[in-house]
Amino acid sequence: MLALIILLVFSGVVLAVMSIYWLFSRPAGAVNARLESMDPSLALVENNPLTVMAERVADPLNRVVPISAVEAAKLQKQLLQAGYRSPEAATAFRAIQITLLIAMPTLVAIVCFILDRPLNNFLAWGMVGAAFGFYLPRYALRKITNGRQQRITWGLADAMDLMVVAVEAGLGLNAALNRVGEELKELHPDMHEEIELVNLEIRVGRSREEALRNLAERTGVDDIRAFVALLIQADRFGSSIAKAVRVFADSLRTKRRQRAEQAAQKATLKLLFPLVAFLFPVIILVILAPSLFNLYDLLFK
């Protein structure tokens, strides 16, 4: 037991020392140094200290615990839908996951050693800690992805209304996307970033169909996929984009109202559980307490 605790603590200390050393010993790139000298806000994402540390820690860990190409592509897609577009995002995620996988059993071992618990307790709680450290990053990633997709879904309705106005005012689809992206910068920043990426991809030479398909792939939202399919179909067959966008905006507004009604109906059922668990026992106790005291006096006195 003592030898296992010493080994885990030594591994954790070595990882921490290596992380600090790699974080402060890596020289800044020439491009990042010039950008920071001009304006600190222009520094690249790769120059973030947390990203640098995670990348440095993950390099040796990935050699020890390699990941397949299919799993790496799947993880990169999940991180992309969560809003992490850096090429090192998957590496940083793996580093966090493996570090927690080692750190949680180490923490459990230290607690068991301090409390003088037997080896069986350490093995059981160590496995629980390892599972918690392994699945905690995935759970956090899933929550972040769901929250971002929900924000994009709510922002899409406003984007469609603005696009209807822009297209019917005489703007082309590319100009309308650019205008909508500018208008949503403050109200819906996630939707603004995605539309800006579409505009940037079109400017660098990608076809509009490919840029829109990449939008659907990055977000993973069903309404975005339907909107992209609508635009591609209207552009391919030469139909009126303004009419198609207006019809889609009306259907999306109806769907948004139905989602709000569904959430309101679910609220009644969700309120039932805290009422049963906390409010009803107090009410029953207040009502029956005098009778219980009288019954106690009658029986025992």
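The values are calculated or read from the model by the stated rules, or taken from the named source; none is laboratory data. Just so we're clear, the structure is a prediction, and the values are computed from it rather than from any experiment. Cβ atoms come from the backbone with ideal geometry, glycine included; neighbour counts cover every protein chain shown.
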Whether any residue in the stretch 280-294 is in the same structural domain as L162 (by TED's automatic domain parsing) and polar (S, T, N, Q) is what I want to check. no
Scan the stretch 86-103 for residues that are farther than 15 Å from F134 by Cβ and either assigned to a helix (DSSP H, G or I) or of a type in the set (V, I, T) (or both) and report the count. 4
What number of residues in the stretch 194-223 are in contact (Cβ under 8 Å) with a residue 40 or more places away in the chain and either crowded, with 16+ Cβ neighbours inside 10 Å or of a type in the set (V, I, T) (or both)? 6
Answer from A130, A157 - the residue that is in a helix (DSSP H, G or I), within 18 Å of R256 (Cα to Cα) and touching a Leu at 6+ places or on another chain (Cβ under 7 Å): A157
Just name the residue that is farthest from the chain's Cα centre (by Cα) out of those in the stretch 224-236 that are touching a residue at least 12 places away in the same chain (Cβ under 8 Å), crowded, with 18+ Cβ neighbours inside 10 Å and farther than 13 Å from A249 by Cβ. V228
Checking G83 against (1) part of a helix (DSSP H, G or I); (2) at pLDDT 80 or above; (3) not polar (S, T, N, Q), which test does it fail? (1)
Of the residues that sit in the stretch 185-213 and are of a type in the set (V, I, T) and in a helix (DSSP H, G or I), which one is nearest to G155 (Cα to Cα)? I195
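For (1) of a type in the set (D, E, K, R); (2) farther than 15 Å from D190 by Cβ, each residue gets a yes or a no:
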site: I96; (1), (2): no, yes
site: T99; (1), (2): no, yes
site: M104; (1), (2): no, yes
site: V108; (1), (2): no, yes
site: I114; (1), (2): no, yes
site: R148; (1), (2): yes, no
site: R151; (1), (2): yes, no
site: L156; (1), (2): no, no
site: D161; (1), (2): yes, yes
Might you check whether a residue that is out of contact with any Ser or Thr (no Cβ under 8 Å at 6 or more places or on another chain), surrounded by 15 or more Cβ atoms within 10 Å (Cβ to Cβ) and either among the hydroxyl-bearing types (S, T, Y) or farther than 30 Å from L231 by Cα (or both) occurs anywhere in the stretch 151-166? yes
Give the stretch 124-150 a look and list any residue that's surrounded by 15 or more Cβ atoms within 10 Å (Cβ to Cβ) and either aliphatic (A, V, I, L, M) or at pLDDT below 75 (or both), or say none. A130, L136, L141, I144
Residue under question is D250, and the condition is that it be among the acidic types (D, E) and either under 27 Å from R151 (Cβ atoms) or assigned by TED's automatic domain parsing to the domain that holds A229 (or both); does it hold? yes
Looking only at the stretch 104-123, which residues are surrounded by fewer than 13 Cβ atoms within 10 Å (Cβ to Cβ) and part of a helix (DSSP H, G or I)? I114, L115, L119, N120
